[in-house]
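Asker: Handing you a structure now.
Any read-out appearing in this document is the output of simple, stated calculations on the displayed coordinates, not a laboratory observation. These numbers come from a predicted model, not from an experiment. All Cβ positions, glycine included, derive from the backbone under ideal geometry; neighbour counts span all protein chains shown.
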Amino acid sequence: MIGNPGARRRTLLAAAVGLAAAPFAASPAFAAVPKVYLDPGHGGTDAGAVANGLQEKTLTLNIALQTRDILKASWNVDVRMSRTTDITRSLAYRTDDANAWGATIFVSIHINAGGGTGFESYRYPGVGATTQRLQSTVHSNVLAQMRTISAITDRGLKSADLHVLRESAMPAVLTENLFIDTVANANLLKRADFITATARGHAQGIAAFLGL
Ligand SMILES: [Zn+2]
């Protein structure tokens, strides 16, 4: 945004080292310290999908906590989560909380079920270019990091009328990170290195979207 401290710092720095300030002037598309809202799906009395000895709520929390930690260790971002422990949160709570906080982006993390394999992501139908770019950037980064561990099917960039995508007042994306009820996918979800790669993909995708 115009006049944010980051833009001014960069302009002053450019002047100090004798560079033209103009190339820097248009660069910051977001606030100096973007506010990333991470939403681990389910929790508490809502386990989400359960299969192969795994619970969706536990996997989504692990991925989100690691995503937060990677983001905060690597870039200057504020991160808020809809939950950091195994507690029940309504869908309305999640979007109300993100909206009240004034999040820059909303990222909801889920595990798929119903028979299938691979990774897919969702945006709200009919959203504009910014949200489409958030989805595509997170999607490609998550997939790339997952593929450092194993071959992963790309199920594509999809849209759906989901509460957290519809009621969030900022660009929002929801990821479905493999199928808990498919044995080969579940075996990956049981691996610590796969969970960390998935978190790294989310963090890198978020950072790339925000231009960090
Ligand atoms: Zn879910």
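Asker: If the cut-off is a Cα-Cα distance under 17 Å, which lysines reach residue 57, setting aside same-chain residues fewer than 8 apart in sequence?
Answerer: 190
Asker: Separate question: If you plug each phi of segment 104-111 into the Karplus form 6.51 cos²θ - 1.76 cosθ + 1.60 with θ = phi - 60°, what whole-Hz ³J(HN,Hα) values come out, in order, with x for Gly and Pro?
Answerer: So the Karplus estimates, Gly and Pro as x, are 6, 9, 10, 10, 9, 10, 9, 10 Hz.
Asker: Just add up the charged neighbours of residue 41: K/R +1, D/E -1, any other residue whose Cβ is under 13 Å from the Cβ of residue 41.
Answerer: -1
Asker: So who's got an amide H within less than 5 Å of the one on residue 159, skipping anything under 5 residues away but keeping other chains? H placed 1.01 Å off N, in plane.
Answerer: Sorted by chain and number, the residues that satisfy this are 123.
Asker: Over 23 Å, how big is the tail of the calculated P(r) for the chain, in percent of all Cα pairs?
Answerer: 45 percent
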